[in-house]
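The values are calculated or read from the model by the stated rules, or taken from the named source; none is laboratory data. Fair warning: this is a prediction, and the values are worked out from it, not measured in the lab. Using ideal geometry, Cβ is built from the backbone for each residue, glycine included, and neighbour counts are taken over all protein chains shown. Heads up: the accessible areas ignore ligands, DNA and RNA and are worked out on the full protein's heavy atoms, side chains in. Shrake-Rupley method; radii C 1.70, N 1.55, O 1.52, S 1.80 Å.
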Amino acid sequence: MRVIFFASLGLLASLLSTGHPPVSAAGASALSGVHVLGNQLVNGDSMQIRLIGVNRSGTEYACIRGWGIFEGPADAASTRVVRSWHVNTVRLGLNEDCWLGINGVPRAYGGANYQRAVIDYVNELTANGIYAIVDLHWNAPGTVPATLLRAMPDEDHSSVFWKSVATAFADNPNVLFDIFNEPFGVGWDCWRDGCLYPGGVDTGPWQTVGMQSLVNTIRATGATQPILVGGLAFANDLSEWRSHEPEDPLHQLVASVHVYPFNLCNNPTCWDAQIAPLAAVVPIIVGEVGTDWTPPFTDTMALELTHWADRHRLGYLGWTWNTWGGGDALLTNYAGESTSWGADFKAHLVQVAVPRVHLLIDANHAYAHQNVQTAIDLYEQTLNTAASEEESASISAAIDGLASFRQIVGLTASGREEEARRRLTVLAERDPDAPLARLGAQFWDQYGMTASASTACAELAPQADTQAGAVLQTLGSLGVDIRHDELCVLPQAG
């Protein structure tokens, strides 16, 4: 015999006697520093952390070209946009000449003005839960302007640069130093100890400075933060990193590797052979990962790398938080709207930061394909999985609300009214005024009067858009795309 339960909003309120507050989760935690412990990065509470985020290009070239310091905004609002992607790290490429105010850099964009702008931006990031990596990106020897990527740090200015930068950030425990962007064209001995570089189109031979000397320079300032050291072949080759590892009295070195489709080490076989063994003894960060730089700008390898890095608990930073067009930019504008690569990378970041999203997407897929029991089980698993630190109260409420609402509809459509009523009661216990709790009560009201789940959903359709719009927008920002007219749809029991 079919049992019909009547539960209006008023009746539901009378059923609730526990007085439970709405379920919520903390937002991004305040940073407590970062340091190396064994082969891991840990925070000030000795908890393992992964640095996952984006590169931001512009501070290496705008100043030397004489038109600015940043490419795009560098204010509090722009930091909130970065944070909305569930990023916990930003890597900022610096220009040696601009920081030091030498070799013809306009005063407005160099020296003290450049330093102040960079320091303020880094402080803005770290004050808002984002680690900052400052990187020597562009440099040049002597009086040659630093207008492009060089093979190695130069003896003329790079030590002075790092002495000044390390001193500036020595008291911020949430800053890391990337000692040099992408070494290339030299051997491992030169990489570590420096050598005479043969020069190029705009220079004669010039003296490089090795990674060991720069580590010494940084430590001499009293700065104790981790130092990233990239390998050869544009930071793609880590084959002899361990055998040539610089000595750090504080044991705070991190290996950095850059991986693009056009690099030699661009596949899991190489990553397993070269990166994974080193990661067993030294922390590794994928300092740059991105797409091909020529059409069709595929991001297949980049996404494969992020999944591989997740399995090995490595951090990674997508290239790049810019809007300049082409396949390697993550953005179409600085409001956070994404390119194709950006959309894929953001979706991955969301699922790493908020693992319940993946369960919810799988549950929705099963629901849409009429595998009702699988969907109900996955919604239950979603509800029983602990919220991550990255879940704000609104995110948690949206995830829990959709999982509970869809469970109620699916259970009702399957003839399991008692289970549906229990789920509705739990949903209302969290917060009877939450949009999906109200919609759930209205669905149940209509079902009680008509004994038809499909009719109840049809009656609910006009209210779904106005009542649940904000929730659906929150879910959409997490990659859970569901329209208001898809919210209450009836699966067929399978």
Would you work out what percent of the accessible area of segment 336-434, with all protein chains in place, is carbon or sulfur (probe 1.4 Å)? 49 percent
Could you state how much accessible area T294 has, in square angstrom rounded to the nearest 10, with a 1.4 Å probe and all protein chains kept in place? 80 Å²
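Give me the net charge for the shell around S256: Cβ to Cβ below 12 angstrom, other residues only, Lys and Arg +1, Asp and Glu -1. Mind dumping the intermediate values first?
On the way: positive: R91; negative: D135, D178, E182, D237, E288.
Net local charge, S256 excluded: -4.
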Relative contact order, percent, of segment 88-221 when contacts are C-alpha pairs under 8 Å separated by at least 6 residues? 24 percent
Percent accessible area from carbon and sulfur atoms, segment 73-160, protein chains only, probe 1.4 Å: 53 percent
Using 1/(1 + (r/R0)^6) with R0 = 25 angstrom and r between the beta carbons of A393 and E486, what's the FRET efficiency to the nearest 0.05? 0.55
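Which value at 222 nm does the chain reach when only helices count, each DSSP H run of 4 or more adding -39,500 (n - 2.57), with the total divided by all residues and rounded to the nearest 500 deg cm²/dmol? The partial results should precede the final answer.
Details: 18 runs with 206 residues, N = 494.
After summing the helix terms and dividing by the residues of the chain, the value is -13000 deg cm²/dmol.
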For segment 231-290 and segment 107-182, compute the distance between their C-alpha centroids and round to whole Å. 22 Å
Taking the highest mean first, how do the peptides 467-474, 144-151, 254-261 order by number of other beta carbon atoms within 10 angstrom per residue? 254-261, 144-151, 467-474
Gained length - Q40 relative to L196, 0.36 nm times residue gap less alpha-carbon distance: 52.7 nm
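To the nearest 0.05, how large is the calculated FRET efficiency for N216 and L149 if R₀ is 30 Å and r is the Cβ-Cβ distance? Provide the component values of the computation, followed by the final result.
Numbers: r = 24 Å, r/R0 = 0.80.
According to the calculation, E is roughly 0.80.
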Counting other C-beta atoms within 10 Å, and keeping those with at most 16, which DSSP coil chymotrypsin sites (Phe, Trp or Tyr not before Pro) do you find in segment 221-329? F262, W293, W324
Contour excess over end-to-end distance, with Cα ends at S164 and F262 and 0.36 nm allotted per residue: 31.8 nm
Please identify every one of the trypsin sites (Lys or Arg not before Pro) in segment 422-494 that sits in a loop by DSSP and has no more than 12 other beta carbons within 10 Å of its own beta carbon. R483
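What is the extension gain from E380 to Q463, computed as 0.36 nm multiplied by their sequence separation minus the C-alpha to C-alpha distance, in nm to one decimal?
Details: separation 83, 0.36 × 83 = 29.88 nm, distance 2.55 nm.
Working it through step by step, the gained length comes to 27.3 nm.
On average, how much accessible surface per residue is there in the chain, in Å², for a 1.4 Å probe, leaving out ligands, DNA and RNA?
Working: 19500 Å² over 494 residues.
Roughly 39 Å² per residue, with all protein chains present.
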14 Å beta-carbon shell around G111, net charge (K/R +1, D/E -1): 0
Net charge around A393, counting only other residues with Cβ within less than 15 Å of its Cβ (Lys, Arg = +1; Asp, Glu = -1)? -4
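If you average the sequence gap of Cα pairs under 8 Å that are 6 or more apart and divide by the length of the chain, what percent do you get for the contact order?
Values: 970 pairs, mean separation 81.5, N = 494.
Across the chain, relative contact order equals 16 percent.
In terms of the Cα gyration tensor, with a ≥ b ≥ c the square roots of its eigenvalues, is the chain rounded because a/c is under 1.5, prolate because a/b exceeds b/c, or oblate? Don't skip to the end; give the middle numbers.
On the way: a/c = 2.63, a/b = 2.47, b/c = 1.06.
Taking the square roots of the gyration eigenvalues as a ≥ b ≥ c, the chain is prolate.
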So, with points 7 Å from each Cα along the Cβ direction, the D189-H365 label distance in nm works out to 5.4 nm
Percent antiparallel among DSSP beta bridges confined to the chain, nearest 5, equals 25 percent
Note down the nm distance, to one decimal, between modelled labels 7 Å out along Cα→Cβ at A30 and at H251. 3.0 nm
